[in-house]
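A.B. asks: So that we are looking at the same thing, I have put the structure below in structure tokens.
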Amino acid sequence: MGLLIYPAEVSFDSSDGVWRVDFPDLFAATTEAATKDEALSEAQGCLTAGIVGHMATGRDLPKPSAARGRPLVAPDAVVAAKATLWQAMRDDGVGNSALAKRLGVTESAVRHLLDPTRNSRIDRIEAALAALGKRMAIGLTAA
């Protein structure tokens, strides 16, 4: 799994008089607002919710498509880290119990680590990724 930075399609819906932001790579990830700036400012939360939705329904996270002039949006950083761990586990066929054993923790601790609604220390996510032979990298983009 690479970076979880997805292109957004921004459009004006003249019939509703609203600006809409869609993430075509993610199922049902859409937000709208009265202005383009407001819609874009809500885009991160929308993308984060879309990623959480994929996790909740057990759908693999899609690879982001090419930007092709569209604005790029990154999800909430902690959710991105958890989603990356979740996808790495799926890709490697490693379940919660197997990862718990590798980490020397309980299975419920792994569930907590993967739960996007719970706070987790980043070093614990890094340790879980390391147990899968992966390493997390952090980057910056313009706000």
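The values are calculated or read from the model by the stated rules, or taken from the named source; none is laboratory data. Everything numeric here is computed off the predicted structure, so don't read it as measured data. Ideal geometry is used to build each Cβ from the backbone, glycine not excepted, and the neighbour counts take in all protein chains shown. For the accessible areas, the whole protein counts, side chains as well, though only heavy atoms, and no ligand, DNA or RNA atoms are used. Shrake-Rupley method; radii C 1.70, N 1.55, O 1.52, S 1.80 Å.
A.B. asks: Considering only protein heavy atoms and a probe of 1.4 Å, how much of the accessible area of the chain is carbon and sulfur, as a whole percent?
C.D. replies: With neighbouring chains kept in place, the figure for the chain is 52 percent.
A.B. asks: Then there's this: What percentages, rounded to whole numbers, describe P(r) for the range 72-143 computed over all alpha carbon pairs with 10 Å bin width beginning at zero?
C.D. replies: The calculated distribution, bin by bin, is 19, 56, 20, 5.
A.B. asks: If you average 1/r over every pair of different alpha-carbon atoms in the range 95-134 and take one over that average, what Kirkwood value in Å do you get?
C.D. replies: Its Kirkwood hydrodynamic radius stands at 10.0 Å.
A.B. asks: Quote the relative contact order of the range 67-122 in percent (integer), defining contacts as alpha-carbon pairs under 8 Å separated by 6+ residues.
C.D. replies: Answer for the range 67-122 is 38 percent.
A.B. asks: Treat every Asp and Glu Cβ in the range 84-143 as -1 and every Lys and Arg Cβ as +1, leave all other atoms uncharged, and give the resulting dipole magnitude about the Cα centre to the nearest 20 debye.
C.D. replies: 80 debye
A.B. asks: Cα centroids of the range 78-143 and the range 22-37: how far apart, whole angstrom?
C.D. replies: 27 Å
A.B. asks: Could you pull out the longest piece of the chain with no exposed loop trypsin sites (Lys or Arg not before Pro) in it, calling a site exposed if DSSP puts it outside H, G, I, E, B and it has at most 15 other Cβ atoms within 10 Å?
C.D. replies: 1-58
A.B. asks: Nearest 20 debye, what's the magnitude of the dipole of the range 57-119 about its Cα centre given +1 on Lys and Arg Cβ and -1 on Asp and Glu Cβ?
C.D. replies: The dipole of the range 57-119 has a size of about 160 debye.
A.B. asks: Once label points are set 7 Å from the Cα along Cα→Cβ at both Ser15 and Ala130, what is their separation, rounded to one decimal in nm?
C.D. replies: Between Ser15 and Ala130, the label points sit 5.4 nm apart.
A.B. asks: Per the Cauchy relation, a quarter of the hull surface: what is the mean projected area of the convex hull of the alpha carbons in the chain, in nm²?
C.D. replies: The orientation-averaged projected area of the Cα hull of the chain comes to 9.0 nm².
A.B. asks: Just to confirm the number: angle between the C-alpha axis of helix 77-92 and the first principal axis of the chain, 0 to 90 degrees, nearest 10?
C.D. replies: Compared with the principal axis, the helix lies near 60 degrees.
A.B. asks: For the range 72-114, state the average projected area of the convex hull of the C-alpha atoms over all orientations, rounded to one decimal in nm².
C.D. replies: 3.2 nm²
A.B. asks: Return the distance in nm (one decimal) between the two label points of a simple spin-label model at Arg68 and Leu3, each offset 7 Å from Cα along Cα→Cβ.
C.D. replies: So the two model labels end up 1.9 nm from each other.
A.B. asks: Rounded to the nearest 10 degrees, what's the angle between the helix 122-131 long axis and the longest principal axis of the chain, both from Cα atoms, 0 to 90?
C.D. replies: Orientation of helix 122-131: about 60 degrees from the principal axis.
A.B. asks: Relative contact order for the chain using alpha-carbon pairs under 8 Å, separation at least 6, rounded to a whole percent?
C.D. replies: 20 percent
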